[in-house]
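Peer 1: Have a look at the structure that comes next, please.
Throughout, read-outs are computed from the coordinates displayed, never taken from laboratory work. Small disclaimer: the values here were computed from a predicted structure and weren't measured. Cβ sites come from the backbone with ideal geometry, for glycine too, and all protein chains shown count toward neighbours.
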Amino acid sequence: MKKIQSIISKILKNRDFRFWGLQIFLAIVLITVIVYIILLSLNSWTRHGQFVVVPDLSSKPLSEAQKLLEESHLRYEVTDSATYDPKIPKYAVISQSPEANEKVKKNRKIYLTLNPSNYPKVTVPRVIQITYRSADATLKAVGLSVGKVTYVNNIGKDMVLRMFYKGKEVKPGDMLTKKSVVDLECGNGFNPANPDAPISEDNDTDNDKSKDNGGIDF
């Protein structure tokens, strides 16, 4: 035991040991202080513990969504929407990012997609002088539908002669709201230059089918 005490006493009396020992101690203290300051800074920068839950804004009007976000200390930005949903009120929230119930930091910006006031406009395609069947498919492809089909004396059997929307004639290239119903005027195959020529049975059959079209009569 005495030998150990003697060795320790010699070590402590050694100037080099005391010098380097002090340096090591000071380095440990300095590192501890630096680490503590960094942790405090990170805690302040990330606002640790200051998270809020994103409210559910789906189908809510913008005014109500704005109020809920302000109460949650969140910001918002409205993005355009090209998809109209008739089941949701105009200018109500269709989607949001981040989504509802996610935890975010205060003052986070929430991106909102709103339901537009109506369907977008589409260009009326060129369907004049093509058959009713082709015209029907072409109109449906752009989001329009065929309503009432009227037949007039014209040698072009089932050929589309004119288009109407709510009683007004429309031309290829005009703009209509998507989902609009377009009425068609088609030829019945009757040749006005030869009034004695009978209309074929096939044409009568086609006329009967067209009358069962089931479209809306404006």
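Peer 1: Counting other Cβ atoms within 10 Å, keep those with at most 12, restrict to DSSP loop, and tell me which GluC sites (Glu not before Pro) in region 34-130 are left.
Peer 2: Hits after loop and neighbour filter: 99.
Peer 1: Quote the relative contact order of region 81-150 in percent (integer), defining contacts as alpha-carbon pairs under 8 Å separated by 6+ residues.
Peer 2: The normalised contact order for region 81-150 reaches 31 percent.
Peer 1: A follow-up question, please. Which trypsin sites (Lys or Arg not before Pro) in region 75-151 sit in a loop by DSSP (not H, G, I, E or B) and have at most 16 other Cβ atoms within 10 Å of their own Cβ?
Peer 2: Within region 75-151, the qualifying trypsin sites (Lys or Arg not before Pro) (loop, at most 16 other Cβ atoms within 10 Å) are 87, 90, 106, 126.
Peer 1: How would you rank 159-169, 176-186, highest first, on the average number of other Cβ atoms within 10 Å across their residues?
Peer 2: Averaged packing, sorted descending, gives the order 176-186, 159-169.
Peer 1: So which of 67/178; 87/148; 148/168; 67/106; 121/168 end up more than 25 Å apart by C-alpha?
Peer 2: As for pairs spanning more than 25 Å Cα to Cα, those are 67/178; 87/148.
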